[in-house]
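Notes for the one structure printed next.
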Amino acid sequence: AQSVTQLDSHVSVSEGTPVLLRCNYSSSYSPSLFWYVQHPNKGLQLLLKYTSAATLVKGINGFEAEFKKSETSFHLTKPSAHMSDAAEYFCVVFASGGSYIPTFGRGTSLIVHP
Amino acid sequence: EAGVAQSPRYKIIEKRQSVAFWCNPISGHATLYWYQQILGQGPKLLIQFQNNGVVDDSQLPKDRFSAERLKGVDSTLKIQPAKLEDSAVYLCASSSRFGQEGNSPLHFGNGTRLTVT
């Protein structure tokens, strides 16, 4: 079985400050992990993916995430928030060797203050 | 490449009526997914196809929901009869590969927003 937990339902930051969105996963197999972003009334867009290559993954719009197997975490970070980053963010786990069903977290709403 | 196409974009129906959603995946993508996203929640997988076969439909309410993917390309999701709690955004996604060879990212359409009154 696999599961994913997004530890914060809402994260509020000021423009220009760092962003940290936390994600923990549970999987019996080597996972593939993804972060998606969803702007209001829009579809889900892939931010970045981890598929067992480098543990530090760089994505679009300055986001990056680090896969830490010992902590079963895949936290999303960005050095400096921009107003346009305000959106809903979803962490997704996809277990290779398991059920091959992509499982979404409940989402974290990022609020950016001017 | 063209993205995942979904229609309609919006749909309003009364409870007990029926509704159908259509999805055209990215060309060449063998795997197709239908997700239900209720306001304020993460997407929940309803059904996953590999070509025209069903991989998983364990969370599909089969008494009212049905889905098909004829010829392994386009897919249709139907609800009959609809209930108030079916109000949600229905998302279609496709990917090129999943399984022991590795899992490709999902590419999503813009979704269909269903309101049941």
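General remarks:
- From A:Ser52, A:Ser26, residue being in a loop (DSSP other than H, G, I, E, B) and of a type in the set (Gly, Ala, Ser): A:Ser52
- Verdict on A:Leu76 being away from chain B (no Cβ under 11 Å) and either modelled with pLDDT of 95 or more or open to solvent by less than 80 Å² (accessible area, probe 1.4 Å) (or both): yes
- Test result for B:Gly42, within 21 Å of A:Asn41 (Cβ to Cβ) and either loosely packed, with under 15 Cβ neighbours inside 10 Å or facing chain A (nearest Cβ under 9 Å) (or both): yes
- Wholly within region B:54-117, strands (runs of 3 or more DSSP E) carrying at least 3 residues that are facing chain A (nearest Cβ under 10 Å): B:88-95
- Qualifying residue in region B:68-78 (condition: open to solvent by less than 40 Å² (accessible area, probe 1.4 Å), in contact (Cβ under 8 Å) with a residue 60 or more places away in the chain and more than 17 Å from B:Val4 (Cα to Cα)): no
- Flag for B:Ile13 being open to solvent by less than 30 Å² (accessible area, probe 1.4 Å) and in contact (Cβ under 8 Å) with a residue 24 or more places away in the chain: yes
- Residue satisfying all of: in region A:37-59; in contact with a Leu (Cβ under 9 Å, 6 or more places away or on another chain) and of a type in the set (A, V, I, L, M, F, W, C); surrounded by the most Cβ atoms within 10 Å (Cβ to Cβ) among these: A:Leu44
Residues are listed down the side, and each one gets a yes or a no for (1) of a type in the set (S, T, N, Q); (2) modelled with pLDDT of 95 or more; (3) over 15 Å from the mean Cα position of the chain (by Cα); (4) closer than 27 Å to B:Ser96 by Cβ:
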| residue | (1), (2), (3), (4) |
| --- | --- |
| A:Asn61 | yes, no, no, yes |
| A:Phe67 | no, no, no, yes |
| A:Ser70 | yes, no, yes, no |
| A:His82 | no, yes, yes, no |
| A:Ala86 | no, yes, no, no |
| A:Tyr89 | no, yes, no, yes |
| A:Val92 | no, no, no, yes |
| A:Ala95 | no, no, yes, yes |
| A:Ser109 | yes, yes, no, no |
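- Region A:60-73: number of residues that are open to solvent by less than 10 Å² (accessible area, probe 1.4 Å) and either under 21 Å from A:Thr17 (Cα atoms) or not in a strand (DSSP E or B) (or both): 2
- Scanning region B:27-39 for residues that are away from chain A (no Cβ under 12 Å), closer than 19 Å to A:Phe34 by Cα and open to solvent by 10 Å² or more (accessible area, probe 1.4 Å) gives a single hit, B:His29.
- Residue match in region A:15-31 (condition: open to solvent by 20 Å² or more (accessible area, probe 1.4 Å), modelled with pLDDT of 95 or more and among the small types (Gly, Ala, Ser)): yes
The values are calculated or read from the model by the stated rules, or taken from the named source; none is laboratory data. Keep in mind that what you see is a predicted model, and the values were worked out from it rather than measured. For neighbour counting, all protein chains shown are included, and Cβ atoms are generated from backbone atoms with ideal geometry for every residue, glycine included. Each accessible area value is taken on the protein alone, full model and side chains, heavy atoms only, with ligands, DNA and RNA left out. Shrake-Rupley method; radii C 1.70, N 1.55, O 1.52, S 1.80 Å.
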